[in-house]
Amino acid sequence: MEDLRKEQLEALQAMLDYIPKLRKGMETVAKELSGERLADTNEYLKKVIEGLNWVIEVYNGTSFLINEKENNLDKDAINKACIDFSDAYKNGDSTAQAMLLTGALAAFITDFENAANAVIA
């Protein structure tokens, strides 16, 4: 059990190190999706999605630790944001994608970052 906790703490630290890069990518690609599209916007969006998926995997693997003392993150809200983003992506709705990246998904990233910092502290 102690090994699992140590692995979870290491995963949280790696995620915390990655979040600033992901946040910058989310903000940049959201601007591009909102009208300033570049030739590589779609490829950049795919990289941001890969980053978000990894952070969500870390959350899923550490949620017990994150929520050990109190429920810090609303899993239903996170799931809804992911489903909404997936739908917007499949439908090619750039406006909705940008809104979710700067809204609900950005809020999840911030809340997860704060919860992870509290656990590690």
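The values are calculated or read from the model by the stated rules, or taken from the named source; none is laboratory data. Note that the structure is a prediction, hence the values are computed from the model and not measured. Neighbour counts run over all protein chains shown; Cβ positions are idealised from the backbone, glycine included. In case anyone asks, the SASA skips ligands and DNA or RNA and just uses the protein heavy atoms, side chains included. Shrake-Rupley method; radii C 1.70, N 1.55, O 1.52, S 1.80 Å.
So here's what we get for this one:
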{"read-out": "Using θ = phi - 60° and Karplus 6.51 cos²θ - 1.76 cosθ + 1.60, couplings along the stretch 89-98 (whole Hz; Gly, Pro as x)", "value": "5, 4, 8, x, 8, 4, 5, 5, 4, 4"}
{"read-out": "Cα pair count fraction exceeding 27 Å, expressed as % - the chain", "value": "20 percent"}
{"read-out": "Protection proxy ranking of 16-22, 79-85, 60-66, 101-107 - average other beta-carbon atoms within 10 Å, highest first", "value": "101-107, 60-66, 79-85, 16-22"}
{"read-out": "Set LYS24/LYS75; LYS31/LYS75; LYS47/LYS90 screened for pairs whose C-alpha atoms are more than 19 Å apart", "value": "LYS24/LYS75; LYS31/LYS75"}
{"read-out": "For the stretch 101-112, 3J(HN,Hα) per residue [Karplus equation, 6.51 cos²θ - 1.76 cosθ + 1.60, θ = phi - 60°, Hz, x = Gly/Pro]", "value": "5, 9, x, 4, 6, 5, 5, 4, 4, 5, 5, 5"}
{"read-out": "Within the stretch 49-69: backbone nitrogen closer than 12 Å to the ILE83 label point (7 Å, Cα to C-beta)", "value": "none"}
{"read-out": "Accessible area of the chain belonging to carbon and sulfur atoms, whole % at 1.4 Å probe", "value": "52 percent"}
{"read-out": "Simple spin-label estimate for GLU50 and ALA107 in nanometres, 7 Å along Cα-Cβ", "value": "2.9 nm"}
{"read-out": "Separation of the ASP74 and LEU4 label points, Cα + 7 Å toward Cβ, nm", "value": "2.9 nm"}
